[in-house]
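Colleague: Could you have a look at this structure, given as structure tokens, before my questions?
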Amino acid sequence: MKILMVDDDVFLRDMYATKFISSGHEVTTADGSSSTLSLLSRGDKYDVGIFDMIMPGTSGVELLEIINERFPGQIKHSIFLSNQGQEEDFSEAKQAGAIGYIIKADTIPSEVVKKVEEIVKKQKQK
């Protein structure tokens, strides 16, 4: 899969990117809304966008809403990877178009890769 990983925490972003790459995926990283929108404005397309909920400036949900409006179809599937775990967080993410939500604190990095793969596989079977 071609994955766009968006997280303002450089350590976590790079750690998850490394895990996905070692599992055979192609990963591009972005640290927030401006770098993400810049990538998409070039016409880059991704199978999966993985977004953090809380980032400076524009939240992950706000960013996904902007992407869906300005760059429809360039990110096929969106998943949130966050430490925010309230029901309203799940609801906001789903309403913005996310197909999955993974809580960082509950999942080790290698499990995150497996969960993303499972979520995308289930979505493709629909």
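Computed from the coordinates by the stated procedures, all read-outs in this text should not be read as laboratory data. As the structure is a prediction and not an experimental result, all values here were calculated from the model. Neighbour counts are summed over all protein chains in view; Cβ atoms, including those assigned to glycine, are modelled from backbone coordinates with ideal geometry.
Colleague: Calculate the length of the line joining the C-alpha centroid of the stretch 40-94 to that of the stretch 1-24, in whole Å.
Modeller: Here the answer is 15 Å between Cα centres.
Colleague: Further question: Would you mind working out the magnitude of the charge dipole of the chain relative to its Cα centre, with +1 at each Lys and Arg C-beta and -1 at each Asp and Glu C-beta, to the nearest 20 Debye?
Modeller: Working: 15 positive and 20 negative charges, 146 e Å.
Dipole of the chain, to the nearest 20 debye: 700 debye.
Colleague: In nm, give the distance between the simple-model label positions of Ser91 and Ile54, each being 7 Å from the Cα along the Cα-to-Cβ direction.
Modeller: A separation of 2.0 nm, rounded to one decimal place.
Colleague: Taking neighbour Cβ counts within 10 Å as the exposure measure, how do Arg42, Arg70, Arg13 sort from fewest upward? Walk me through the numbers on the way to the answer.
Modeller: Details: Arg42 7, Arg70 11, Arg13 20.
With the fewest neighbours first, Arg42, Arg70, Arg13 line up as Arg42, Arg70, Arg13.
Colleague: Suppose R0 equals 25 Å; then what is the FRET efficiency for Glu65 and Gln123 from their Cβ-Cβ distance, rounded to the nearest 0.05? Before the final figure, lay out the partial values.
Modeller: On the way: r = 19 Å, r/R0 = 0.77.
Approximately 0.85, to the nearest 0.05.
Colleague: If you take the C-alpha gyration tensor of the stretch 72-125, multiply each eigenvalue by 5 and take the square root, what semi-axes do you get, largest first, in whole Å? Working shown, then result.
Modeller: On the way: eigenvalues 62, 51, 15 Å².
Working through the eigenvalues yields semi-axes of 18, 16, 9 Å.
Colleague: Which of rounded, prolate, oblate describes the stretch 21-82, given a ≥ b ≥ c as roots of the alpha-carbon gyration tensor eigenvalues and a/c under 1.5 marking rounded, otherwise prolate only if a/b is larger than b/c? The partial results should precede the final answer.
Modeller: Working: a/c = 1.57, a/b = 1.17, b/c = 1.34.
Oblate is the answer for the stretch 21-82, as a/c is 1.5 or above yet b/c matches or exceeds a/b.
Colleague: With +1 assigned to the C-beta of every Lys and Arg and -1 to the C-beta of every Asp and Glu, and no other charges, what is the dipole magnitude of the stretch 76-126 about the Cα centre in debye, to the nearest 20? Before the final figure, lay out each step's value.
Modeller: Details: 9 positive and 8 negative charges, 91 e Å.
Taking the Cα centre of the stretch 76-126 as origin, the dipole is about 440 debye.
Colleague: Mean separation of Cα pairs under 8 Å and 6+ residues apart, divided by the residue count of the chain: what relative contact order is that in percent? Can you show the working numbers first?
Modeller: Details: 186 pairs, mean separation 28.7, N = 126.
Over the chain, the number comes to 23 percent.
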